[in-house]
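Undergrad: One structure, as structure tokens, below. Some questions next.
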Amino acid sequence: MENNNIDFKDLWKKQAVSQPNMEDLLDRVSQFKKASLRSLWKTNIMLLATSAFIIFIWIYYQPQFISTKIGIILVVLGMVIYLFASNKLFGNYKDIDATKDNHEYLQKLVSIQKKQQFLQTNMMSLYFLMLTLGICLYMYEYASRMSVIGASLTYGITLLWILFNWFYIRPKQIKKQQSKINSLIEKFEEVNNQLES
């Protein structure tokens, strides 16, 4: 059985014809790593700033209803849980190293792919559930002071926005993330197959 652990640098020296393709592939891995880390940082900053703003609202406006307080706790807790889960990817992205062999690249990319899928399905579902429930509970105190039409409109618009994010924006983002990593995995598998034949 052949050894699948192939050193790219050694391969470049031996196969000058394939060199540009491998350089392009390694460049794509580097771009994927940078874009993924940048996206994680943006998510962290955005969710932490949003959590801080929500806590500020709680302190400044002093809501009276327990439902409002529970709503705030659920929203912030949902964000914290999502951040905790997504930040586990930091190590995986940082570990992608241009000096590793083809087999290690594949292992890292498949590991990232599995963690991304878990994040995009289980954790995102939990996040949206907590966010929706939290927002609905938070809004109750203020909606109770409105007319029936005003409260219905407020809840209706809010829930439509959440549904729009869930059924349109979220699937587009997932598809974009999956296509990037799937493309890299396919390219590395292609290189493996070429080397084995």
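Undergrad: How about segment 122-165: which of its residues are in contact with a helix residue (DSSP H, G or I) (Cβ under 9 Å, 6 or more places away or on another chain), aromatic (Phe, Trp, Tyr) and open to solvent by 60 Å² or more (accessible area, probe 1.4 Å)?
TA: Tyr138, Tyr140, Tyr142
Undergrad: Now for a different question. Within segment 47-75, how many residues turn out to be closer than 17 Å to Tyr140 by Cα and in contact with a helix residue (DSSP H, G or I) (Cβ under 8 Å, 6 or more places away or on another chain)?
TA: 15
Undergrad: Quick one: Leu137 ticks every box in (1) within 15 Å of Ser39 (Cβ to Cβ); (2) among the hydrophobic types (A, V, I, L, M, F, W, C); (3) at pLDDT 95 or above bar one, so which box is it?
TA: (1)
Undergrad: Follow-up. Hey, does segment 165-187 have a residue that's assigned to a helix (DSSP H, G or I), free of Cβ contacts under 8 Å to residues at least 24 places away in the same chain and over 23 Å from the mean Cα position of the chain (by Cα)?
TA: Scanning segment 165-187, I find no residue that is assigned to a helix (DSSP H, G or I), free of Cβ contacts under 8 Å to residues at least 24 places away in the same chain and over 23 Å from the mean Cα position of the chain (by Cα), so the answer is no.
Undergrad: Restricting segment 66-109 to residues that are in a loop (DSSP other than H, G, I, E, B) and open to solvent by less than 70 Å² (accessible area, probe 1.4 Å), which is modelled with the lowest pLDDT?
TA: Taking the candidates together, the pick is Ala98.
Undergrad: For segment 21-49, how many residues are open to solvent by 90 Å² or more (accessible area, probe 1.4 Å), without any contact (Cβ under 8 Å) to a residue 24 or more places away in the chain and under 16 Å from the mean Cα position of the chain (by Cα)?
TA: Total satisfying the criteria: 6.
Undergrad: Let me ask something additional. Would you check which residues across segment 50-65 are surrounded by 15 or more Cβ atoms within 10 Å (Cβ to Cβ) and of a type outside the set (S, T, N, Q) and list them?
TA: Passing the criteria: Ile54, Trp58, Pro63.
The values are calculated or read from the model by the stated rules, or taken from the named source; none is laboratory data. Only a predicted model underlies this, so the values are computations on that prediction, with no experimental measurement involved. Using ideal geometry, Cβ is built from the backbone for each residue, glycine included, and neighbour counts are taken over all protein chains shown. Quick note on the areas: whole protein, heavy atoms, side chains included, nothing else; ligands and nucleic acids left out. Shrake-Rupley method; radii C 1.70, N 1.55, O 1.52, S 1.80 Å.
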